[in-house]
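The values are calculated or read from the model by the stated rules, or taken from the named source; none is laboratory data. These numbers were taken from a predicted model, which means no experiment stands behind them. Cβ placement follows ideal geometry from the backbone for every residue including glycine, while neighbour counts extend to all protein chains displayed.
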Amino acid sequence: MTALAELQALEREHVVPAYARQPAQFVRGEGARLWDAEGVEYLDFQTGLAVTSLGHSHPAVVAAIQEQAAQLVHVGNVFYSEPAIRLAQRLARCSLGGKVHFANSGTEANEAALKLARKAKPQGTIVSVHRGFHGRTYGSLSATPQESKQAPFAPLVPGFVSVAPNARAVAGAVDAATAAVILEPVQGEGGVWVLDEELLRAARAACDEHGAALIFDEVQCGLGRTGTLWAYEDAAVVPDLMTAAKALGGGLPIGALICSPRYADVFEPGDHGSTFAGGPVTCAAALAVLDVVEDPALLARVRALGARLAEGLAALPGVVAVRGRGLMLACDFADGGAPELVRRALLEQRLVVNATGPATLRLLPPLTIGEEHVDDVLQRLRALL
Ligand SMILES: *Cc1c(COP(=O)(O)O)cnc(C)c1O
């Protein structure tokens with residue numbers, strides 16, 4: 001195994017420096033635990049950003065991947081493939097009804113949603129909200145109103161507007177020329193902000209009034225993360241289009257666009273596609289993931305553990321606010337210092353967490369943890385603070 005210092009030197013020489021990395025090289029994982037190259041054990045409350053939601057190397061996911069990989073890895077979208085079709089059936093049944101289109105990532109699922117909404121309302125504008133994050137490709141980036149992410153890559157895609165994340169602003173931005181409103185019911189990268197029900201209802205009403213598509217990006221907040229299978233269930237506002245990705249493949253790259261019946265046949269053959277999307281291995285993994293997260297008992301535990309974690313975070317020294325739902329939580333510190341806290345957590349407490357900003361720590365543990373993990377993370381954070 002190459003030592004970390006040597007790996008860092010190799011990276012500096014050969015890898016485009018697009019990522020700011022933490023000083024650790026993980027080589028093995030199991031449940032909520034990770035091990036580095038020296039065999040040191042860590043507690044993972046980041047899960048690769050809400051990806052390994054069932055913990056590392058969940059046996060059902062590993063078995064599904066191994067079995068499918070041994071049989072057939074790729075065939076392409078010009079043929080029928082049962083895992084993808086079964087997964088589409090499962091995803092539609094547990095959400096919007098309708099039909100599903102596969103992608104390889106969150107941003108690609110959003111690209112599909114945006115293109116589909118534009119095809120349904122030609123030349124239409126797309127409305128997004130501040131603090132939102134939808135991905136790094138041009139369409140998704142154009143719906144991600146953050147100066148630092150957009151400015152170096154101007155000009156962006158035309159026809160996108162962004163407004164403040166409140167009911168009045170969203171309702172005011174939607175008119176006859178609007179093709180879609182896109183938002184995250186719980187904003188992840190922006191710092192874990194639960195959008196209020198009034199906003200979601202206003203967006204729904206405005207889209208209905210003007211014949212626009214309401215797109216919920218549940219790439220991060222979906223699939224049990226907030227304690228319901230989909231975050232939209234909590235507000236009982238149902239979108240027309242929904243995207244999922246991060247946790248769907250149990251660690252493998254997959255994205256999905258779920259279309260309500262009304263939008264199910266907007267795309268016709270040749271409109272959109274991807275070489276790898278809907279591949280048998282990723283879809284087999286996703287079917288195994290759904291078997292685990294569709295369990296009401298697991299979802300109830302996510303809610304209970306989330307409440308326990310939120311309460312514990314609020315009692316930590318220096319914490320001024322706790323936000324989020326289920327096991328998608330963030331806390332703000334009065335004095336900032338979240339990035340430094342993340343680094344110290346890794347090096348001093350062997351705890352893997354993440355900062356969404358200078359003063360905000362985000363916690364995205366596996367959904368399969370127990371009380372002991374919640375108490376453990378609180379103890380490690382208390383020791384740091
Ligand atoms: C991570 C994320 C994306 C982008 O997903 P990628 O797989 O990185 O392209 C889009 N939307 C939300 C809400 C996300 O959290």
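Just one of the numbered conditions (1) within 17 Å of the chain's Cα centre (by Cα); (2) away from the ligand (no atom under 12 Å from the Cβ); (3) of a type in the set (S, T, N, Q) is not true of Thr107: (2). Here region 89-104 is the region considered, the condition is being in contact (Cβ under 8 Å) with a residue 24 or more places away in the chain and in a helix (DSSP H, G or I), and the residue that is nearest to the ligand (Cβ to nearest atom) is Leu91. Residues in region 85-113 that are closer than 12 Å to Ala286 by Cα and of a type in the set (Lys, Arg): Arg86, Arg90. Set side by side, the residues Arg380, Arg323, Arg362, Arg308 differ, and just one is part of a strand (DSSP E or B), at pLDDT 95 or above and over 19 Å from Ala20 (Cα atoms), which is Arg323. Among residues of region 32-65 being among the aliphatic types (A, V, I, L, M) and within 16 Å of the ligand (Cβ to nearest atom), the one that is surrounded by the fewest Cβ atoms within 10 Å (Cβ to Cβ) is Leu49.
For region 154-165, filtered to residues that are more than 16 Å from the ligand (Cβ to nearest atom) and either hydroxyl-bearing (Ser, Thr, Tyr) or not in a loop (DSSP other than H, G, I, E, B) (or both), the residue that is nearest to Gly135 (Cα to Cα) is Val161. Taking every residue in region 120-136 that is in a loop (DSSP other than H, G, I, E, B) and pairing it with any residue that is away from the ligand (no atom under 14 Å from the Cβ) and among the β-branched types (Val, Ile, Thr), at least 6 positions away or on another chain, the pairs with Cβ-Cβ distances below 8 Å are Lys121/Thr178; Gly124/Thr178; His130/Val163.
Does Val292 fit the bill of being under 20 Å from the mean Cα position of the chain (by Cα) and either of a type in the set (Val, Ile, Thr) or assigned to a loop (DSSP other than H, G, I, E, B) (or both)? Yes: the conditions hold for Val292. Look at region 236-277 and say how many of its residues are in contact with a helix residue (DSSP H, G or I) (Cβ under 9 Å, 6 or more places away or on another chain), small (Gly, Ala, Ser) and surrounded by fewer than 19 Cβ atoms within 10 Å (Cβ to Cβ). Of the residues in that region, 3 qualify.
Does Lys121 meet the test of being basic (Lys, Arg), at pLDDT 95 or above and away from the ligand (no atom under 16 Å from the Cβ)? Walk me through it before giving the result.
Values: basic (Lys, Arg): yes; at pLDDT 95 or above: yes; away from the ligand (no atom under 16 Å from the Cβ): yes.
So Lys121 passes the test.
Glu184 passes every criterion in (1) touching a helix residue (DSSP H, G or I) at 6+ places or on another chain (Cβ under 7 Å); (2) charged (D, E, K, R); (3) surrounded by 24 or more Cβ atoms within 10 Å (Cβ to Cβ) apart from (1). Consider Arg86 against the criteria (1) over 19 Å from the mean Cα position of the chain (by Cα); (2) farther than 23 Å from Trp230 by Cα; (3) at pLDDT 95 or above: it satisfies all of them except one. Which criterion is unmet? Of the numbered conditions (1) over 19 Å from the mean Cα position of the chain (by Cα); (2) farther than 23 Å from Trp230 by Cα; (3) at pLDDT 95 or above, the odd one out for Arg86 is (2). Note on region 204-263: residues that are among the acidic types (Asp, Glu) and within 14 Å of the ligand (Cβ to nearest atom) total 2.
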